[in-house]
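What follows is a single structure, written as structure tokens, with notes after it.
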Amino acid sequence: MNLDQGLVFGVLGTTLVMFVWNRLRFDVVAMLALLAVAIAGLVPAEELFSGFGHPAVITVAAVLVISQGLVNGGVVDRIAQLLGRVGHRPTLQVFTLTGVVAVCSGFINNVGALALLMPVAIWMSREAGRSPSLLLMPLAFGSLLGGTMTLIGTPPNIIIASYREGGTFGLFDYAPVGVAITLAGMAFITLVGWRLTPRRQESPDNSKLFSIGEYLTELRVPRGSDHAGTTLYSLLAGAGEESDIVVLALIRDEQQQAVPSIYKILREEDLLLIEADTSSLQTFLDNTDLELAHQETKGGDEEDEPASTVSKGELHLVEVVIAPESSLVGHSANRLQLRERYQLNLVAVARLGYRLKRRLGDIRLNAGDILLVQGFEDSLSTRLADLGCLPLAERGLRLGATRNTATAAGIFLASIVIIVTGLLPAPVALVAGAVAMVLAKLLSAAEAYKAIDWSVIVLLAAMIPVGQALESTGGARLIAAQMLVLGEGLSMASVLTMILVGTVLLSNVVNNAAAAIVVAPIALSLAGELQIPSDAVLMAVAVGASCAFLTPIGHQSNALVMEPGGYEFGDYWRLGLPLTAVVTIVAVPAIMLFWT
């Protein structure tokens, strides 16, 4: 090992540790890695930022814009609406949901496909009287499987295509292997896998919260209320039997009294901390003159306008989940200023797994938290999209307005035809499709820029030169030589299995695109030593990078369903481990059949 190889190994090792540590955003870690190889002189200065113009990066950005155009056009939404007719049988529900999300994920962003179908899955669970945990994990894993079927299905496929010698992979070159593992994975999930998902219920000690409809909410006794001067018992009795709520605390003059007596006399401006599901909360508000407590803004002297000044009929309540890249992540509710900036009331917060015991305004929001939000119906969808929140329950709210399905589908299909016929390279055809989406007013230029996940773009652009440094310094050949010693005498199937499983393990702890960038040059060097076709090892890396089923941090789709499904970190391997085995068993023979 020479000095340059030692330096690049040190940079990559530190980068992977920081990815797993997860204290810094992965795009920031990638930029630090890029700066490190630049300072060490491992990448020439003129090539340092070449990743930002790399065809793979441009292709990923174009695919994200086209995905948003298809969402706004209502193409996938039309398909999702048909799922409500499949009945209540769990096997049929799982098969239909995973099948539709897999097909959608083959052509649009995985997280986008999941976001469109997640409200449908939760609605199906409620209608059937089952826990959402039964459907949400299969749905997330279906989105990952579907991404393996095409070049544009997932960023790792696009990245791997750029490593192919003598030209990139075609749009459907991934299909023989991708379709095989998708069908096998769907069959396993449908027949066996969904039975391995946890059934989340309320625990006996009442310390857990797994029902997605339960929230902690603050209500105020307004000035002039008929309930001021009466008992808490009188308030609850007057709300009617349909109002199923629990009063957890009474807050008066910033002093909180837990579990107040039902004979406690209420005063004007008292706050009640209650637990209720969505329908019970609405019934309680309708039957009393209490109002939702507005959020306080620290540092301000002016009092917020009371929520009661807006009539209830003009407002709409909706459940949403906070996406991983939402601007709300890390902020406490009382600092968000949602009323002033977005004309939204944050009514309640639910964090599945553990019931929240603090005041609403003191809760620091996390990705995956479920919010009950109140806002004007005509602007609610746009406001939530700006904040990075996805509708959770089926309440007529859509991520994008259904404007012109035929135009959106036509532009997308035209791009696909141009790629398949070879009239234009994939990056050019997809960029043309993205521009056409904007010109057709399926989305504005601002929406197009917002649709691009810039953290992924920066990650790819920064890690591509780092991966090239691993190859140019001979580090990839050195690792391949060590693997060759360990695997001496192994068959081609064993080598492909080793590469695939190794990539799977790495992609479960770091970003899957980063895993592909790190493993691809090593796999190519190993293929050269063993005289294995390079396309075969690249396919093994692509499959391994896309099938991160073992942890919630392996992919955004996994993280997104963790809270709504009430999953814990260790729940994923119960379905993910056997599914990984199924994918490996099917993928390796398929790769050998089609690519050797």
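Its relative contact order, with pairs defined as Cα atoms under 8 Å and 6+ residues apart, puts the chain at 22 percent. Taking a ≥ b ≥ c as the square roots of the eigenvalues of the Cα gyration tensor, the stretch 493-596 is prolate, since a/c reaches 1.5 or more and a/b is larger than b/c. Measuring with a 1.4 angstrom probe and ignoring ligands and nucleic acids, S332 comes out at about 10 Å² accessible. 3J(HN,Hα) along the stretch 509-516, derived from phi through the Karplus expression 6.51 cos²θ - 1.76 cosθ + 1.60 where θ = phi - 60°, amounts to 10, 10, 4, 5, 5, 5, 4, 4 Hz, with x in place of Gly and Pro. Since only A469, A446, P521 are under comparison, the one whose Cα sits farthest along the positive direction of the charge dipole of the stretch 384-532, derived from C-beta charges on Lys, Arg, Asp and Glu, is A446. The mean of 1/r over all distinct Cα pairs in the chain, once inverted, gives the Kirkwood hydrodynamic radius of 25.6 Å. When you count the other C-beta atoms within 10 angstrom of each residue and take the mean per peptide, 45-54, 59-68 line up highest first as 59-68, 45-54.
Rolling a 1.4 Å probe across the protein heavy atoms gives the stretch 65-137 an accessible surface of 31 Å² per residue.
Accessible area per residue for the stretch 542-583 is 26 Å², calculated with a 1.4 Å probe on protein heavy atoms, without ligands, DNA or RNA. Taking all protein chains into account, the per residue accessible area for the stretch 396-515 stands at 44 Å² (1.4 Å probe).
Calculated mean residue ellipticity, 222 nm, the chain: -17000 deg cm²/dmol, from DSSP H runs (n ≥ 4) at -39500 (n - 2.57) each, averaged per residue and rounded to 500. Of the residues T182, A493, T288, the one whose Cα sits farthest towards the positive end of the charge dipole of the chain is A493 (charges of +1 on Lys and Arg Cβ, -1 on Asp and Glu Cβ, taken about the Cα centre).
Relative to its residue count, the stretch 421-472 spans a Cα convex hull of 98 Å³ per residue. If R0 is taken as 30 Å, the Cβ-Cβ distance between L530 and I585 corresponds to a FRET efficiency of 0.90. For the stretch 453-557, averaging the sequence separation of C-alpha pairs within contact (under 8 Å, six or more residues apart) and dividing by the residue count gives a relative contact order of 34 percent. Among the trypsin sites (Lys or Arg not before Pro) in the stretch 91-192, those located in a DSSP loop and surrounded by at most 16 other Cβ atoms within 10 Å of their own Cβ are R130, R164. For the pair V485 and R199, how long in nm is the line joining their label points, each one 7 Å along Cα→Cβ? Here the answer is 5.3 nm between the modelled labels. Over the chain, what percent of the accessible surface lies on carbon and sulfur atoms, probe 1.4 Å? Carbon and sulfur atoms account for 59 percent of the accessible area of the chain. Listed peptides 16-24, 106-114 appear in the order 106-114, 16-24 once ranked by packing, highest mean of other Cβ atoms within 10 Å at the front. Calculated on C-alpha atoms, the gyration radius of the stretch 1-102 divided by its Kirkwood radius gives an Rg/Rh of 1.23. Solvent-accessible surface (1.4 Å probe) assigned to V509 amounts to roughly 50 Å². Looking at the P(r) of the stretch 27-170, how many percent of alpha-carbon pairs lie beyond 27 Å? Pairs farther apart than 27 Å: 38 percent.
A Förster radius of 45 Å, combined with the Cβ-Cβ distance separating L82 from R23, puts the computed FRET efficiency at roughly 0.55.
Cα axis of helix 426-439 to longest principal axis of the chain: angle in degrees, 0 to 90, nearest 10? That helix lies at roughly 30 degrees to the long axis.
For the chain, the longest principal axis of the C-alpha atoms and the axis of helix 454-472 are separated by about 30°.
The values are calculated or read from the model by the stated rules, or taken from the named source; none is laboratory data. These figures come from a predicted structure and were not determined experimentally. As a convention, Cβ positions derive from the backbone with ideal geometry for all residues, glycine included, and neighbour counts pool all protein chains shown. Remember, those area values only see protein heavy atoms, side chains included, never the ligands or the DNA or RNA. Shrake-Rupley method; radii C 1.70, N 1.55, O 1.52, S 1.80 Å.
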